[in-house]
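Visitor: To start, I am sharing the structure in question, which I have written as structure tokens.
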Amino acid sequence: MEFQRDIYERLIQWKTDRTGRVLEISGARQVGKTFILQKFAREQFDAFVYINMAENSGERFCRCLDKAEDWEPGMPAGEEYVHEAVKLFAPDFEDTEDTVIVIDEIQESSRVYNLIRTFARTFSAYVVVTRSYLGRLLEKDFFLPAGDVDAMTMGPLTFAEFAGVFDLRQLYHTVDLFGGSQEMEYGQLRECFALYQRIGGYPSVVRTYLIYRDEERCRGELGRLMDIFVHESKRYLTNVMEVNAFEKLFHGIAVTLLREKQGTEDLVEELSSIVYKQESGRFTKKMIHNAIGWLQASHIIAYAGKCIDCNYLDVKENARFYFQDLGVASLFLTRAGADEADIKGILAEDFVFLSLLRRVSVDVAGTAPWSGTYEKTGGELDFFVRSMKDHKNYGIEVKSVGSGARGRTARALFDAHKLDYVYLLKGGSDGGRTESGRMMTVPLFLADRISFSLGTESKGAGERI
């Protein structure tokens, strides 16, 4: 059962560009990195060498390196031994542009990771490496070869990819943002999106649904994936207290999402108080920081910042957590005891956060998505975007259900000329436009399609309320 992933076209473009650098693909475990790379290698190259540093093939490659690197004083010192090691591992290997070498889970070996520069500078063959646990690379044994690496990130299925599983991808891309399509078309996508919010985009979870059409089985698969992640992470978290802290963080993060929409002065301290209560004194702030950092580096959670008074030059970083998969978020929010309405509201906001996260440094300024505040009213804007395309300010309000509610803070900021455009992303609306097209209602599930270059685009004169 194969899912169409958008990263595949980016892989083809990387091959075409021929930068001479090693491609490093990061992402959480179980999001499909190995599958898509093997497909890419088989379909786009004549020859394919695969090494998995977390399996026996990785151990065998290290033995080949040992043999090829058998150096004694007086012998020439060079990097040719790496070519010889690959040849020992794969006797048919030829170092040509028709060959790709894929090294999976490279974080398992600092020795092999530190060869990236050699691969980039001395090999004609393409080389791709994957890593699931970025935190491991921060250890002192790992040399970070920034100038010799092209980077891509792969996550769970986006909603567009998820819609494609159910033959709705074309409809997703063609349905009108502002209500100009048929209600039946919006309804089909809305129903698909509701399922996506509940089970998320991990391939094995989606596959489970397609086989059994049973959401309870999907939740079981999500739990299994998180158990695998916790078990694997314990191999890297060496401090006993860190390990104990790590196991409890998922619940604590879910509770912070439920407790405080506007962020907090000290997110780590609040999380510690939620998780540990009376025994919090046993854990230092540094331990909690390390455990949270591991979750972030492993692509399980991500931070959002807060833009004070919607001033892009005044940003408080790390003001709020979000899960990087809606199914995982739904699982732990449910386990935390949240009711259905709260879960829907948080999942809607999480979905828009992930949409913006993919656009940071592409057309969204900053290092992470931002919420916004308006000090005059004390209000909170769900998301504030400073566009890198037209240098305009965009406000985003998110409503999980209903089409009638309007964002009061967004309206006030718009009237005060702190926002040039406002998007109201609503779960129960087909879309519309007011204020000469500057205040727009868009169905929530189309968040990835909204534009942040309206200041450079010609806009139609028609309005729809």
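Visitor: Output the strands (runs of 3 or more DSSP E) that fall wholly within the range 1-120 and possess 3 or more residues being open to solvent by 20 Å² or more (accessible area, probe 1.4 Å) and modelled with pLDDT of 95 or more, or say none.
Guide: Result: 47-52.
Visitor: Which numbered condition trips up GLU397, out of (1) under 19 Å from TYR312 (Cβ atoms); (2) more than 27 Å from the chain's Cα centre (by Cα)?
Guide: Exception for GLU397: condition (2).
Visitor: Can I ask one more? Looking at GLY223, is it of a type outside the set (Asp, Glu), in a helix (DSSP H, G or I) and out of contact with any helix residue (DSSP H, G or I) (no Cβ under 8 Å at 6 or more places or on another chain)?
Guide: Answer is no for this residue.
Visitor: Applying the selection to the range 439-459, what residues are surrounded by fewer than 17 Cβ atoms within 10 Å (Cβ to Cβ) and more than 20 Å from GLY427 (Cα to Cα)?
Guide: Correct list: SER453, GLY455, THR456, GLU457, SER458, LYS459.
Visitor: Give ASP150, ASP141 a once-over and let me know the one that is acidic (Asp, Glu) and at pLDDT 95 or above. Walk me through how you get there before you give the answer.
Guide: Working: ASP141 fails: at pLDDT 95 or above.
Result: ASP150 is the single residue among ASP150, ASP141 that is acidic (Asp, Glu) and at pLDDT 95 or above.
Visitor: Okay, next question. Looking only at helices (runs of 4 or more DSSP H) that lie completely in the range 168-220, which have at least 2 residues being open to solvent by less than 30 Å² (accessible area, probe 1.4 Å) and over 22 Å from GLY327 (Cα atoms)?
Guide: In the range 168-220, there are no helices (runs of 4 or more DSSP H) which contain 2 or more residues that are open to solvent by less than 30 Å² (accessible area, probe 1.4 Å) and over 22 Å from GLY327 (Cα atoms).
Visitor: From the set of residues in the range 121-137 that are open to solvent by less than 10 Å² (accessible area, probe 1.4 Å) and not aliphatic (A, V, I, L, M), which is modelled with the highest pLDDT?
Guide: THR130
Visitor: Would the range 382-393 turn up any residue that is of a type outside the set (Gly, Ala, Ser), open to solvent by 20 Å² or more (accessible area, probe 1.4 Å) and over 23 Å from THR434 (Cα atoms)?
Guide: Yes, that holds for at least one residue.
Visitor: Could you grab me the full set of residues in the range 121-136 that are out of contact with any Lys or Arg (no Cβ under 6 Å at 6 or more places or on another chain) and either within 18 Å of SER26 (Cα to Cα) or assigned to a helix (DSSP H, G or I) (or both)?
Guide: First pass over the range 121-136, keeping only residues out of contact with any Lys or Arg (no Cβ under 6 Å at 6 or more places or on another chain): 121-129, 131, 133-136.
Selection gives ARG121, THR122, TYR126, VAL127, VAL128, VAL129, ARG131, TYR133, LEU134, GLY135, ARG136.
Visitor: Which residue pairs have Cβ atoms under 9 Å apart, sit 6 or more places apart or on different chains, and have a first residue in the range 179-191 that is closer than 12 Å to GLY431 by Cβ and a second that is part of a helix (DSSP H, G or I) and open to solvent by 50 Å² or more (accessible area, probe 1.4 Å)?
Guide: Partner pairs satisfying both residue conditions: SER181/THR174; GLU185/THR174.
The values are calculated or read from the model by the stated rules, or taken from the named source; none is laboratory data. All figures in this text were calculated on a predicted structure; none of them were measured in a lab. Every residue, glycine as well, gets a Cβ built from its backbone with ideal geometry; the counts of neighbours run over all protein chains shown. In case anyone asks, the SASA skips ligands and DNA or RNA and just uses the protein heavy atoms, side chains included. Shrake-Rupley method; radii C 1.70, N 1.55, O 1.52, S 1.80 Å.
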